[in-house]
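Accompanying notes for the structure given below.
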Amino acid sequence: MEKILIVEDNKTLSSILKQRLEKDGFLIDIVEGGFALLAYLRDAEEPDAVILDLFIPEKSGLELLDSLTNKWGKAKIFIYTAQVNLKSACLRYPAVCRFFKKTEDMKSLIEAIKEELRTR
């Protein structure tokens, strides 16, 4: 089973994402802030994908992209955020597969993840 890490401080949103992705057969872990993500990077095995919000407590998701890509070279990163002005900065990273605005349909994000992980 593919493992996905959700980096999101909105508990309702992360819970909905978790339920929908588990329904599709993915294993899910959730961290809520920058320091929690750094601890996860240190202690956990590399997931197959990361859903990353850019506006999280302690450190921004954009600040953490270097740490993510340096530690985990194979994980696919999906940006899911309201910070649309940072799209070009995020897409400089080869591991960033797609960028989704939180106002868009969550279904598009989930479909993109399934397509990316199930076709490699």
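Nothing in this text is a laboratory measurement; each read-out follows from the coordinates by a stated rule. Keep in mind the model is a prediction, meaning the values are calculated, not measured. Backbone-built Cβ (ideal geometry, glycine too); neighbour counts: all protein chains shown.
How many angstrom separate the Cα center of the range 25-49 from the Cα center of the range 106-120? So the separation of the two Cα centres works out to 19 Å.
Each other residue within a Cβ distance under 12 Å of residue 1 adds +1 if Lys or Arg and -1 if Asp or Glu, for a net charge of -2. Within the set (i) 14.8; (ii) 6.5; (iii) 7.1, the number that mean projected area of the Cα convex hull in nm² takes when calculated for this structure is listed as (ii).
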